[in-house]
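Below: one structure, written as structure tokens.
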Amino acid sequence: MTGGTMPPRGDQGSDRRFMAAAVRLSRHHLGRTGTNPSVATIIVRDDGYGPYIVGRGVTALGGRPHAEPQALAEAGELARGATAYVTLEPCAHHGRTPPCAQALISAGITRVVGAASDPDPRVSGKGYAMLRAAGIEVKEGVLADAAADLMRGYLIRSTNMRPEVILKLALSRDSRIGIPGAGQVRITGEIARRQVHLMRAEADAILVGIGTAIADDPFLTCRLPGLEGRSPARIVLDRHLRLPPDSNLARSAREVPVLVTAAEDVDEARRASLADAGVDFLAVETLDDHVALPELTEDLAARGFSSLLVEGGAYTAKAFLDEDLVDRLCLFIGPNDIGARGIASPVDPDHIPPAFRKRGEGRFGDDVYFEYVREN
Ligand code: AOF
Ligand code: ZN
């Protein structure tokens, strides 16, 4: 006999451990499930020798099939009597796929551990109720915050009717974001650059102002090896359609979508030459010659975008902050000063709007990183 003690079935520790694995798995399809959240399911059995995983699933590309039927298919008969760990309450509605709660019941799952709750009125509370009515033991809210954090685009779009807005800025040590007329200025290093590309891969869309599009001539794609296919749609705030047709953005518009905001009265020849390059247009309302951002973000949500990464410049960043549209603020701070000729950032660690609280900090090579989330 060994002296080891096996954790009792479904104890706190193993529930958290398997849910943590499910939360990590749910990250795999972030930014690739359309209007659906990227959800994960892990099916765990215990035949008396300790728990082991028999099925795993994550919401498929485009949003369907959902996570649960994929994990159940992998588990097959081993799902009978097993526990399912789901990062979101299983759906209860007949949408384009049958209800996942029913699939769990039919497969003989006897216990369900859930993390985040679903604000979708077709699901909210009903998924868990269906499971309980079938005699399944349900434990809700395990690692709910961690799961919701990865679904925040979906949750914000469901409740606020706009995408989650993530403002990312690279600052010099003295809080400058560039130098007028100098094009792209290297502020942060290679490791921070890779992290930004990962953020791009996980976002549905990325947005810059026309000033940055002209000054930096960026691609705004994800160029991490193996993740090139995960570039988000690129949006330029460009009320007067000043984006040059030979810019890197316009020239790559057939590979990765480019959407330019255009008012009704823009020059038709400009519109035609950008359209020839494959650029698409977003009709926008303007207010005092500026794009109306609350309306724009609503339109983006209606088009199915759940997360929007705003990468500057200073004017655009300030406009989103002033409209109180920023949900998450990500600051990468390089080790060098730029000096007084640099463009001042609208925000830095000593000037964070009061609605935000610090969520984390770290290092990427020589650069430091601060992340803040809006409290409400
Ligand atoms: C799950 N598992 O993996 C996901 C769920 O349009 P439909 O029919 O695909 O339904 C979309 C809703 O399904 C979405 O609003 C959310 O409530 C839920 N997403 N549910 O059981 C999953 N991705
Ligand atoms: Zn479902």
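Worth pointing out:
- Hits in the range 100-112 - residues which are closer than 18 Å to VAL39 by Cα and either out of contact with any strand residue (DSSP E or B) (no Cβ under 9 Å at 6 or more places or on another chain) or within 10 Å of ligand 2 (Cβ to nearest atom) (or both): CYS100, ALA101, GLN102, ALA103, LEU104
- When we screen GLY178, GLY141, GLY211 for residues that are of a type in the set (Gly, Ala, Ser), assigned to a loop (DSSP other than H, G, I, E, B) and not assigned by TED's automatic domain parsing to the domain that holds ALA92, the only hit is GLY178.
Residue-by-condition table, conditions (1) outside the structural domain of ASP145 (by TED's automatic domain parsing); (2) touching a Gly at 6+ places or on another chain (Cβ under 9 Å); (3) without any contact (Cβ under 8 Å) to a residue 60 or more places away in the chain; (4) in a helix (DSSP H, G or I):
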{"position": "HIS28", "(1), (2), (3), (4)": "no, no, yes, yes"}
{"position": "ASN36", "(1), (2), (3), (4)": "no, yes, no, no"}
{"position": "GLY57", "(1), (2), (3), (4)": "no, no, yes, no"}
{"position": "GLU68", "(1), (2), (3), (4)": "no, yes, yes, yes"}
{"position": "ALA73", "(1), (2), (3), (4)": "no, yes, yes, yes"}
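- Residues in the range 99-138 that are among the charged types (D, E, K, R) and either outside the structural domain of SER26 (by TED's automatic domain parsing) or at pLDDT 95 or above (or both) were compared, and the one that is farthest from ligand 1 (Cβ to nearest atom) is GLU137.
- Any hit, the range 92-99, residues being more than 21 Å from ALA20 (Cβ to Cβ), touching a residue at least 24 places away in the same chain (Cβ under 8 Å), within 13 Å of ligand 2 (Cβ to nearest atom) and small (Gly, Ala, Ser): yes
- Here THR221 meets the list (1) surrounded by fewer than 19 Cβ atoms within 10 Å (Cβ to Cβ); (2) closer than 22 Å to ARG303 by Cα; (3) polar (S, T, N, Q) almost entirely, failing just condition (1).
- Every residue from the range 186-222 that is closer than 22 Å to PRO335 by Cα and of a type in the set (Lys, Arg): ARG186, ARG193, ARG194
- Flag if GLY342 is outside any loop (DSSP other than H, G, I, E, B), at pLDDT 95 or above and in the same structural domain as ALA263 (by TED's automatic domain parsing): no
- Of residues in the range 188-218 being surrounded by fewer than 23 Cβ atoms within 10 Å (Cβ to Cβ) and among the β-branched types (Val, Ile, Thr), the one nearest to the chain's Cα centre (by Cα): VAL196
- Within the range 119-137, being under 26 Å from the mean Cα position of the chain (by Cα), within 12 Å of ligand 2 (Cβ to nearest atom) and under 25 Å from ILE53 (Cα atoms) holds for one residue alone: GLY127.
- Being under 26 Å from VAL256 (Cβ atoms) and surrounded by 14 or more Cβ atoms within 10 Å (Cβ to Cβ) holds for only one residue in GLY334, GLY342, GLY365, GLY278, and it is GLY278.
- Residue in the range 64-81 that is modelled with pLDDT of 95 or more, within 14 Å of ligand 2 (Cβ to nearest atom) and over 29 Å from GLU202 (Cβ atoms) present: no
- Residue in the range 231-250 that is in contact (Cβ under 8 Å) with a residue 60 or more places away in the chain, assigned by TED's automatic domain parsing to the domain that holds PHE370 and not in a strand (DSSP E or B) present: yes
The values are calculated or read from the model by the stated rules, or taken from the named source; none is laboratory data. Since this is a predicted model, take the numbers as computed values, not measurements. Positions of Cβ are generated from backbone atoms using ideal geometry, with glycine treated the same way; all protein chains shown enter the neighbour counts.
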